[in-house]
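Remarks on the structure that follows.
Every read-out reported here was derived from the displayed coordinates using simple, explicitly stated rules and does not represent laboratory data. Note that this is a predicted model, so its numbers are computed, not measured. With ideal geometry, Cβ positions are generated from the backbone for all residues, glycine too; neighbour counts draw on all protein chains shown.
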Protein chains: 2
Amino acid sequence: MRFLHTADWHLGKKLNGFDLLADQQAILTQIQTIAAREQVDAMVIAGDLYDHHLPSETTVHLLNQTLQTINLDQKLPLLAISGNHDSAPRLATGSPWFENTAFYLHTQLAQAFEPVVLGDTQFFLLPYFEPFAARQYFDDPDLTTIAKAMQAVITKLKTLFLPDKKHVLVAHFFAAGGDIGSSETSLTIGGLDIVPLALLADFDYVALGHLHSKDALHQDRIRYSGAPLKFAVGEASQTKGVWIVDTAPFQAQFVPLHPLRDLRQLNASFETLLTPTFYEQQATDDYLAITLTDDDIIPNLRGRLQTIYPHLLQVRRATGAVQLTQATQAVAQLAPLDLLADYYQALNGTALTAAQQKWAQEQLRTVEKGEK
Amino acid sequence: MRFLHTADWHLGKKLNGFDLLADQQAILTQIQTIAAREQVDAMVIAGDLYDHHLPSETTVHLLNQTLQTINLDQKLPLLAISGNHDSAPRLATGSPWFENTAFYLHTQLAQAFEPVVLGDTQFFLLPYFEPFAARQYFDDPDLTTIAKAMQAVITKLKTLFLPDKKHVLVAHFFAAGGDIGSSETSLTIGGLDIVPLALLADFDYVALGHLHSKDALHQDRIRYSGAPLKFAVGEASQTKGVWIVDTAPFQAQFVPLHPLRDLRQLNASFETLLTPTFYEQQATDDYLAITLTDDDIIPNLRGRLQTIYPHLLQVRRATGAVQLTQATQAVAQLAPLDLLADYYQALNGTALTAAQQKWAQEQLRTVEKGEK
């Protein structure tokens with residue numbers, strides 16, 4: 001069995017006000033092309049197909065068309081679950097009919113215990129769920145956290161293992177913690193919503209959704225696919241793509257995706273950014289987070305940059321940004337006036353004057369009095 | 001071919017703030033029972049399955065469950081279209097898979113021209129559409145009204161008629177106007193959105209949705225099913241139900257539905273309404289529009305009635321109502337002060353005092369000045 005593992009499509013997502021629909025449309029087409037080229041036997045989508053519980057009509061149309069093309073036109077079996085961004089009842093619409101053409105879309109906890117056998121593999125499709133759903137399903141009031149609930153779920157799933165099949169879990173949660181094989185199985189590790197990796201050790205592969213980086217874990221057999229697109233400036237340096245997973249012999253190969261418009265950080269002076277010899281070398285249509293190396297005040301900064309870089313996400317100042325980072329690290333130790341002084345220094349490159357300090361001190365005192 | 005014709009379920013509708021979900025659930029179960037008892041070969045739903053473009057999760061779940069039971073459990077072919085209350089793209093979710101089990105759900109104009117043949121009948125499923133969709137489909141800028149668009153649609157549908165089949169149109173619009181066979185085919189009759197009946201004369205049956213009364217037309221072969229429940233006080237006297245239609249020999253039989261709670265008008269004095277010997281003979285759980293025959297001021301009127309009649313929709317005064325109706329007829333001719341005086345008289349049964357008239361006159365003068 002060879003399958004493609006993707007997740008976190010977040011259809012309908014907006015990025016700093018930009019509608020990503022065209023980007024998502026393009027990346028979904030690319031995923032379909034990869035599935036065909038790699039001759040996979042199935043596609044796994046590990047949750048968060050939509051970005052909202054109430055996607056727009058256009059977004060609904062995009063997902064409907066995509067799933068129709070993959071399953072009905074490409075004739076590719078589909079194994080999908082709902083994530084925390086999906087509305088389970090809405091996403092479930094039509095799902096009882098889908099199974100006629102090997103499209104399994106699970107949106108309720110109980111469906112995790114109806115494994116799907118395709119080729120040499122038993123797939124367990126565990127949708128995102130809240131602890132109350134597990135308390136209800138297992139009739140156990142003690143399942144107050146996802147970690148506790150997941151222990152009950154995994155225990156039950158293992159009773160369903162067919163011994164002559166490979167066992168693949170498709171799920172949408174936050175997995176972390178000790179390495180597999182360590183004795184650390186404490187459920188309190190790292191927080192209430194975190195599922196310890198050790199719990200997942202008996203699966204041949206765990207196809208996860210939820211975290212947006214493929215490198216969120218460092219495990220051979222438990223992987224996040226990551227989102228197919230960069231959805232935040234913080235993800236600018238990440239490589240996005242899908243996993244092509246073979247069950248026997250086991251192998252997972254990462255295939256990168258190439259977005260319609262990349263999301264990049266750009267550090268330069270204002271003058272450079274507006275120089276044709278510079279920007280003609282740039283993919284100016286990319287989503288850009290620009291860090292200006294200038295210190296000067298520049299009127300209509302954003303508007304002027306947008307004439308050349310239409311998908312400008314943000315503009316920051318290099319000096320301010322650097323010093324702010326330093327300030328953030330120490331912020332817990334600082335008195336309010338020192339914090340203000342540091343902030344001013346970071347933004348302006350000069351210290352508060354004596355008069356400014358006096359004024360700030362008075363204001364702070366007034367605020368403090370008001371609180372008592 | 002024998003089929004059940006229903007429409008205008010309006011799932012998710014609220015009636016004067018009351019959630020109708022339980023009533024709708026019950027009536028849908030009853031429709032399924034009738035379909036089984038009458039041994040129909042198919043069920044036709046002529047639009048407005050939902051009341052809103054964005055139905056709640058609970059409402060989505062109810063429709064999903066209902067359609068699943070009818071088509072997958074009862075194994076009954078389903079022929080459905082979207083109405084003006086439905087979001088076509090949302091309702092379309094899953095529809096390409098439905099046809100595997102003879103569930104045809106058409107939400108786009110183009111799909112009207114893909115007739116469905118079941119038994120001796122060719123069904124044309126024409127969803128609700130706006131004129132712009134027809135202008136686009138026919139590439140004809142002159143189709144500026146539904147009436148004009150419908151002439152193009154019907155003309156094209158007739159070219160698809162299989163001569164050895166019966167021809168049934170399922171549609172969702174406002175049909176009215178001259179009798180069939182009359183020479184009146186003017187498209188301007190009655191307004192831009194009205195489709196003249198003469199256009200529909202060549203079908204063996206037209207299963208309509210949109211108007212909520214089964215008696216909206218007086219035609220043998222063109223019928224509204226009406227809604228399955230009374231959705232307004234003005235519908236209190238209507239009988240709700242479904243049509244059981246046989247194509248050969250043609251016959252349409254109306255089967256009434258029995259709601260969980262009826263919607264009724266009740267005329268009585270306040271004292272009577274609160275007398276046990278009266279209300280113990282009443283289905284007090286019904287949705288009630290009460291007309292009080294009293295003239296007195298009754299403190300906490302609504303609250304006291306609700307202790308006995310929990311689904312109270314409205315309370316009106318008999319005398320006031322009558323006089324208001326008379327006033328309404330003449331309202332165009334009345335000066336503002338006379339209108340106010342009449343309104344006061346209708347509500348209170350006494351005329352404005354001289355002091356009240358003076359105050360009102362001053363207020364009206366202030367308002368009139370403000371306008372200039």
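Summary table
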quantity: Pseudo-label separations to other copies for A:F113 - Cα-to-Cβ vector, 7 Å, nm; calculated: 5.2
quantity: Rounded to 5, the percent of DSSP beta bridges in the range A:196-301 classed as antiparallel; calculated: 45
quantity: Over 21 Å between alpha carbons, listed pairs B:K75/B:K230; B:K14/B:K230; A:K13/B:K13; A:K13/A:K230; calculated: B:K75/B:K230; A:K13/B:K13
quantity: Exam field: B:R37 pseudo-label spacings to other copies (7 Å along Cα-Cβ), nanometres; calculated: 6.2
quantity: For chain A, share of DSSP beta bridges that run antiparallel, in % to the nearest 5; calculated: 30
quantity: Ellipticity estimate at 222 nm from DSSP helix runs (n ≥ 4, -39,500 (n - 2.57)) divided over chain B, nearest 500; calculated: -9500 deg cm²/dmol
quantity: Calculated log₁₀ intensity ratio I(q)/I(0) where the Debye formula runs over C-alpha points of the range B:2-256, q = 0.11, 0.13, 0.14 Å⁻¹; calculated: -0.55, -0.79, -0.92
quantity: Max mean-square fluctuation residue, GNM over chain B, Cα-Cα springs under 10 Å, options B:H106, B:H172, B:H218; calculated: B:H218
quantity: Peptide-level mean, for A:82-94, of C-beta atoms on other protein chains within 10 Å; calculated: 4
quantity: Förster radius 22 Å - calculated FRET efficiency between B:Q361 and B:Q265, Cβ distance, rounded to 0.05; calculated: 0.05
quantity: Packing-based ranking, highest mean first, of B:352-360, B:81-89 given that Cβ atoms within 10 Å are counted; calculated: B:81-89, B:352-360
quantity: Dimensions (Å) - the protein assembly as shown, Cα atoms, principal axes, largest first; calculated: 79, 77, 62
quantity: Per-residue mean of C-beta atoms belonging to partner chains within 10 Å, peptide A:95-106; calculated: 4
quantity: Positive-end residue of A:L266, A:L229, A:G209, charge dipole of chain A with Cβ unit charges; calculated: A:L266
quantity: Calculated Rg and Dmax of the range A:8-72 using C-alpha coordinates, Å; calculated: 12.2, 37
quantity: DSSP-defined beta bridges in the range B:1-156 - what % are antiparallel, rounded to 5; calculated: 30
quantity: 5 angstrom amide H check on A:H85, placed H, neighbours 5+ away; calculated: A:D48
quantity: Spacing of the two label points (7 Å from each Cα toward its C-beta) at A:L337 and A:I298, in nm; calculated: 3.7
quantity: B:F161-A:A110 FRET efficiency (beta carbon distance; Förster radius 41 Å; 0.05 resolution); calculated: 0.30
quantity: Long-range amide H partners of B:K13 with built H, under 5 Å; calculated: B:D51
quantity: Mean separation of Cα contacts under 8 Å (6+ apart) over length of chain B, as relative contact order %; calculated: 14
quantity: Distant-in-sequence amide H partners of B:N267 (H built 1.01 Å from N, under 5 Å); calculated: B:T291
quantity: Segments B:263-274, B:245-256 sorted - mean Cβ within 10 Å per residue, highest first; calculated: B:263-274, B:245-256
quantity: A:S213-B:T33 FRET efficiency (beta carbon distance; Förster radius 56 Å; 0.05 resolution); calculated: 0.55
